[in-house]
Amino acid sequence: MFGLLIAAFLVVTTVNGESVAIGQYKQQLLDVHNAYRGMQRAADMHALVWDDQLSSEAANWIKSCKFEHQMKGRGENLAFDTNPKKDEELINSSMKACCHYTQIVWAKTRKVGCAIEKCDYIHGLGRPIKDAWYLACFYDPKGNYISEYPYTKGPACSKCLQKQSCENTLCTGEGVEVCENLDDDCEYWSSAGECQSNPNFMLKKCRKACGVCQG
């Protein structure tokens, strides 16, 4: 994640201190995300598509120039840059602590939207940082679940969904989820109300028992 966001900032920081519309860079940001995802050569890695709603949410969140996560159901990556050639130690120490490479390569994530804000001062790391470019990317569905690996290992695209195609080692297209239970206890858990009380687990492992798919 560190390398990806620094690369993006090296582009936007050449604009001589003026605010930048994300539209100029969304294809580049999308392409870099998918390049990192493709490098994993995973069995089930979906290609990301750009989402303007996520971009708008990210823009609204970072306009206050507070360096902190929103934590409202989106996957998130945040980073800032002042001048990496002169202040590389500061950027390395702050961004390595705050950025999530696993969210970039979370196989089931489908959408990304990013925003850029030029801050006179950025706050949230113990002291204000002057003249910072602030980049945020929001993702849907979110990833980074504890104890869960970000993707399935195996031949690239070998576990794409039905009706998906494979392009540059990524599964493309909406596809059709197989309606199945991935645990023998799914029906019991469903009858005990776990679909409602523990949806993060149940809606991934027990789709059929929870009645969230057809077929």
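Inter-part distance, the range 96-173 to the range 38-75, computed on C-alpha centroids, equals 6 Å. Here the gap between residue 201 and residue 64, fully extended at 0.36 nm per residue and compared with their Cα-Cα distance, gives a gain of 45.9 nm.
Could you sort 125-137, 175-187 so that the peptide with the highest average Cβ count within 10 Å comes first and the rest follow in order? Before the final figure, lay out the partial values.
Values: 125-137: 18.5, 175-187: 13.3.
Sorting 125-137, 175-187 by mean packing, highest first, produces 125-137, 175-187.
Near residue 45: Cβ cut-off under 10 Å, other residues only, Lys/Arg at +1 and Asp/Glu at -1. The net charge is +3.
Using the Karplus relation 6.51 cos²θ - 1.76 cosθ + 1.60 with θ = phi - 60°, the per-residue 3J(HN,Hα) values for the range 180-189 come to 7, 9, 9, 8, 5, 9, 4, 5, 5, 4 Hz, with x marking Gly and Pro.
May I ask for the percentage of alpha-carbon pairs in the range 22-81 that lie more than 18 Å from each other? Don't jump to the answer; show the numbers that get you there.
Numbers: 802 of 1770 pairs.
Result for the distance tail: 45 percent.
Take the Cβ atoms of residue 179 and residue 27, set R0 to 45 Å, and the FRET efficiency comes out at 0.80.
Filter the cross-link list 153/205; 111/159; 72/163; 66/153; 153/204 down to pairs whose alpha-carbon distance in this structure exceeds 29 Å. Distance filter (> 29 Å) returns 72/163; 66/153.
Values quoted throughout were computed directly from the atomic coordinates according to the rules given, and no laboratory measurement underlies them. Since the model is a prediction, treat every value here as computed from it, not as a measurement. As a convention, Cβ positions derive from the backbone with ideal geometry for all residues, glycine included, and neighbour counts pool all protein chains shown.
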